[in-house]
Amino acid sequence: NAGVTQTPKFRVLKTGQSMTLLCAQDMNHEYMYWYRQDPGMGLRLIHYSVGEGTTAKGEVPDGYNVSRLKKQNFLLGLESAAPSQTSVYFCASSYPGTRVRWTEAFFGQGTRLTVV
Amino acid sequence: AQKITQTQPGMFVQEKEAVTLDCTYDTSDPSYGLFWYKQPSSGEMIFLIYQGSYDQQNATEGRYSLNFQKARKSANLVISASQLGDSAMYFCAMREGTGSARQLTFGSGTQLTVLP
C-alpha cells in the first residue's frame, strides 16, 4: 500500500538549473497539494489541484509551476532554481471531505532540495 | 492574521507524564476541521487526530485527545503517558470551507522532547 510517493528524496541543484518533482498517489484522491517546509514556518502551500487537468496557486507560488495531466500524478517544476528555494517539499493528497466531516490529507515522505 | 497559532516552539515532558500542546485558530466559517500531525526526526508527516467544528464530543485516539474549546477557538492536543517515541515536531492544522481547495493551513509547530 504505497499511499503518496515522491521522487526524488534528495536533490542538489545549482542556481539557475531546472528540475521536476514527481508526486504519485494510489488512493484515487481528487485533491493534491504541494507544500514547502522551512524552519520555524510550518508548511506553506505552493500550488494545488482539485482534479485532473486543473491547478491553482497557493500561498507561495512564485518560481514554481505545476501540472496534473493524470489524476494520480502531480508534478512540481522549478524552471530556474534559486537559493531561496532550498527547502523540504511535501506532496499531499486527500478527498474533498464534507462540511460535516473533513478528511485528513496524506503526505509523501518529502524531498529535501538544496540550491547552491 | 495567522489562521493557526502555536505559541510553544519547544516543550519538555518527563516520560510517562501527560503534556498539552497548545493551538489556537482563526476562522469565520462555521464549518471547519482541526488536525494534528506528528513529524518525527525522520521527516514524515503522520496524521494523529481530527476534530470537526460540529462534533459534540472531544476527539480521542488512543493516548491522544483533543481539548476542543470552540468559544475560545482553541484545539489543544493532549498526550497522556508520554513515551520516548513521542519526541517529535507537532503541527496543528485546519481545513475550512472558504477556500476552493479546502487546503490544510498549518501552524509553525511545537518541538516536543520526552525526557527519560
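The values are calculated or read from the model by the stated rules, or taken from the named source; none is laboratory data. Because the structure is a prediction, the values reported are computed rather than measured. Positions of Cβ are backbone-derived with ideal geometry, glycine not excepted, and every protein chain shown enters the neighbour counts. Side chains are part of the model used for accessible areas, which takes the heavy atoms of the whole protein and leaves out ligands, DNA and RNA. Shrake-Rupley method; radii C 1.70, N 1.55, O 1.52, S 1.80 Å.
Annotation: A:K9 fulfils all but one of (1) open to solvent by less than 70 Å² (accessible area, probe 1.4 Å); (2) within 16 Å of A:Y89 (Cα to Cα); (3) touching a residue at least 24 places away in the same chain (Cβ under 8 Å); the unmet one is (1). Please work out which residue is modelled with the lowest pLDDT, limiting yourself to the range B:97-115 and to residues that are among the hydroxyl-bearing types (S, T, Y), more than 9 Å from A:G42 (Cβ to Cβ) and surrounded by fewer than 21 Cβ atoms within 10 Å (Cβ to Cβ). The extreme case among them is B:S100. For the range B:61-73, which positions are under 18 Å from B:L112 (Cβ atoms) and open to solvent by less than 40 Å² (accessible area, probe 1.4 Å)? Across the range B:61-73, the qualifying residues are B:Y64, B:S65, B:L66. Counting only strands (runs of 3 or more DSSP E) wholly contained in the range B:1-110, the ones carrying 2 or more residues that are more than 22 Å from A:M32 (Cβ to Cβ) and out of contact with any Lys or Arg (no Cβ under 8 Å at 6 or more places or on another chain) occupy B:10-14, B:19-21, B:46-52, B:64-69, B:74-79. Filtering the range A:71-115 to residues that are within 7 Å of chain B (Cβ to nearest Cβ), open to solvent by 30 Å² or more (accessible area, probe 1.4 Å) and at pLDDT 95 or above leaves only A:Q109. Here is a check on your reading of the model: is A:G40 within 14 Å of another protein chain (Cβ to nearest Cβ) and either touching a Ser or Thr at 6+ places or on another chain (Cβ under 8 Å) or among the hydroxyl-bearing types (S, T, Y) (or both)? It is true that A:G40 is within 14 Å of another protein chain (Cβ to nearest Cβ) and either touching a Ser or Thr at 6+ places or on another chain (Cβ under 8 Å) or among the hydroxyl-bearing types (S, T, Y) (or both).
So that you can scan it fast, the table gives a plain yes or no per residue for (1) modelled with pLDDT under 95; (2) in contact with a Ser or Thr (Cβ under 9 Å, 6 or more places away or on another chain):
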site	(1), (2)
A:Q17	no, yes
A:A24	no, yes
A:I46	no, no
A:A56	yes, yes
A:N65	no, yes
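Give the residue that is farthest from B:S108 (Cα to Cα), with candidates limited to residues of the range B:1-58 that are facing another protein chain (nearest Cβ under 8 Å) and open to solvent by 80 Å² or more (accessible area, probe 1.4 Å). Result: B:Y54.
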